[in-house]
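Okay, so here's the structure we're looking at.
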Amino acid sequence: MSPEFLRMVTIFYGIITFVVVIAIIILTIKKLKTQYKNTLIELERSKNLIISGAILAELNKVESLINNKDLEEKYNYWKSLFKSIKDNEVTNITDELISAEELLDGRNYAQVKDLLGRIEFDIYISKSKAQRLLEDIKEITLSEQKNREIVTKLKADYRSLFLQYNNNNKDDYSLIETPLELQFENIDKLFSAFELAMEGNVYSEVGKIVKALDDSIGNLRVVIEEAPSIILLGKNLIPNRIKEINKLYEKMKSEGFNLNYLNIEYNISESEKKVADVFDRLNVLNLEDSIFELRTIMEYFDSLYSDFDKEKISKKMFDEYFRSVIIKCKKLKKIIGNLSNKIDDIKFSYDLTDDDVKIIVELKNEVIECENGYENIVTLFREKETAYSKLNKEMEIINARLLKCEDKLDYTLRSLGSLHEDEIRAREQLDEIKSIVKQAKAHMNSYKLPVVPKNYEVELEEANEAIKNMIIELERQPISIKTLNTRVDTARDLVLKVYNTSLEIVKTASMAENAIVYGNRYRPVNQSIEAGLTKAEREFFKGNFKSSLEYAINSINVIEPGIYTRLLEAYKNEF
């Protein structure tokens, strides 16, 4: 391609790009202008909705109701507020909308955006004021209908309560008959005041009267429903329960029970004050939390029966511990004392250290502490200033400690007793071990061996040395049971090893000799058998019985396969 052609292509693409960019800018501006125009139209519509005909209509209703100065002042205020919104705020918003349209035509889009935001905010404020104004006016124009509905419902509730009061037993309300009758009269007067206020269009007072009626009837409902229960609890149930508790309290005190920790006398006094306060408030028909307070008092006195039963059970258990704990203490002291007297001999006889027997000193101190604790509890018991529940709890702790002491002492006695048992068992096992050695020697002597194998002599020497060490340990004073048990185990293992070796030697030697004798019949017919049996004889007289047996078996097996199995079968029951 020529340079001229490339230059023309570049210019062409540049022109195309410029046109596209210009088109995009134009379209963007057009779209932005359309959006702002739509926003202006929407704001214009919202502005026109600020002042609705409903406000004028409601103001006209209020004007027709004016018959007192208070309502007239409210009407004039609302009218001036409506005029201000209409003539000032709405007019100002209209001017701003015109300015925004002029800026949009002049393509001042940045200013248009800011102005539209302010207009939207001003419309929101003015609309809120107009809506609040309408609501305030409707409170008057709709007051009669709304309040009539409320009062009608309240009258139905009042009649229902009045019938309930008259149909119930009047004795249930005898304590509050006078204030209750006055409350009925006050409610009747409030209903009359409501009618007068409605007739005089005194709507500022109507709301107060309706609220007073609602509160009074609500409180009356609580009184009618809860007063009988309050009177029953405060005048009958609680006083009777207090009498029962007092009677039982005095009876248990006379029987030696200390119940000071329950603070019964103080709590009875406080409960009586609380009941009196409830009835003082009841006289002015104030029942707030009264049922809850009285039921709480009742539950408290009911719970005292459980406390009394707990004290009775604790006394019974304490009486049992009173005898059993001291018996345990004396029994443990006696056993530990006897053990302490013998402990030096035991330490000497079995080579025990102070650490090995320190448990006895610890047990002695523990039992003494338990005994001292027991004496302290007995002192408290005799002073009669402590409740049985606390005394019994302390006794339970001491009894538990004594039970642990008993377990530790039992373990200690068994451990010390096992030392003597180990000594006796070791002496018995010495006789058994010696007997096994004799049996091993008898086995060896039962067969005339050409040579005694060296391994047997070594094992026999080791076993005799172990027996000697065991005898030395048994004759030692003091005896170390740990060392003695080790010596016994070692001697037993070595002697059993000698015994098994003796059996194996005799059996192998016998089998080798018999195999050689049996194979002699084949010497003339087979030179390999002759050679094998010769080696077997040579090994036999050297004392290598196992090798001798292998040579003999391997030689005979050439002519008689399975000879070893048959030989084993023949010796199965002999050893």
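The values are calculated or read from the model by the stated rules, or taken from the named source; none is laboratory data. Predicted, not measured: the structure shown is a model, and the values here were computed from it. Because the Cβ atoms are built from the backbone with ideal geometry, glycine has one as well, and the counts that use them run over all protein chains shown. Ligands, DNA and RNA are excluded from the accessible area calculation, which covers all protein heavy atoms including side chains. Shrake-Rupley method; radii C 1.70, N 1.55, O 1.52, S 1.80 Å.
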* Structure fact -> The number of residues in segment 438-454 that are in a helix (DSSP H, G or I) and either surrounded by 12 or more Cβ atoms within 10 Å (Cβ to Cβ) or among the aliphatic types (A, V, I, L, M) (or both) is 6
* Which of the residues that make up segment 288-304 are surrounded by fewer than 19 Cβ atoms within 10 Å (Cβ to Cβ) and touching a residue at least 60 places away in the same chain (Cβ under 8 Å)? -> Ile291, Arg295, Met298, Asp302
* To do: Output the residue which, of all residues in segment 375-390 that are among the hydroxyl-bearing types (Ser, Thr, Tyr) and either open to solvent by less than 20 Å² (accessible area, probe 1.4 Å) or under 36 Å from the mean Cα position of the chain (by Cα) (or both), is nearest to Asn260 (Cα to Cα).
  => Thr386
* Residue within segment 255-269 that is open to solvent by 50 Å² or more (accessible area, probe 1.4 Å) and hydrophobic (A, V, I, L, M, F, W, C) present -> no
* If Leu363 passes every condition in (1) aliphatic (A, V, I, L, M); (2) farther than 14 Å from Val325 by Cβ; (3) touching a residue at least 60 places away in the same chain (Cβ under 8 Å) but one, which one does it miss? -> (3)
* To do: Give the residue that is farthest from Ile231 (Cα to Cα), with candidates limited to residues of segment 277-295 that are in contact with a Lys or Arg (Cβ under 9 Å, 6 or more places away or on another chain) and in a helix (DSSP H, G or I).
  => Glu293
* **Any hit, segment 521-541, residues being aliphatic (A, V, I, L, M) and part of a loop (DSSP other than H, G, I, E, B)** => yes
* Asked: Which one of these is touching a helix residue (DSSP H, G or I) at 6+ places or on another chain (Cβ under 6 Å) and either assigned to a helix (DSSP H, G or I) or modelled with pLDDT of 80 or more (or both): Ser435, Ser510, Ser418, Ser502?
  -> Ser502
* Asked: Can you name the residue in segment 151-178 that is among the hydroxyl-bearing types (Ser, Thr, Tyr) and open to solvent by less than 80 Å² (accessible area, probe 1.4 Å) and is also modelled with the highest pLDDT among such residues?
  -> Ser160
* Asked: Does Ile516 qualify as being farther than 26 Å from Glu465 by Cβ, open to solvent by less than 60 Å² (accessible area, probe 1.4 Å) and in contact with a Lys or Arg (Cβ under 8 Å, 6 or more places away or on another chain)?
  -> no
* Can you name the condition, by its number, that Leu190 falls short on among (1) under 30 Å from Ile224 (Cα atoms); (2) at pLDDT below 75; (3) surrounded by 15 or more Cβ atoms within 10 Å (Cβ to Cβ)? -> (2)
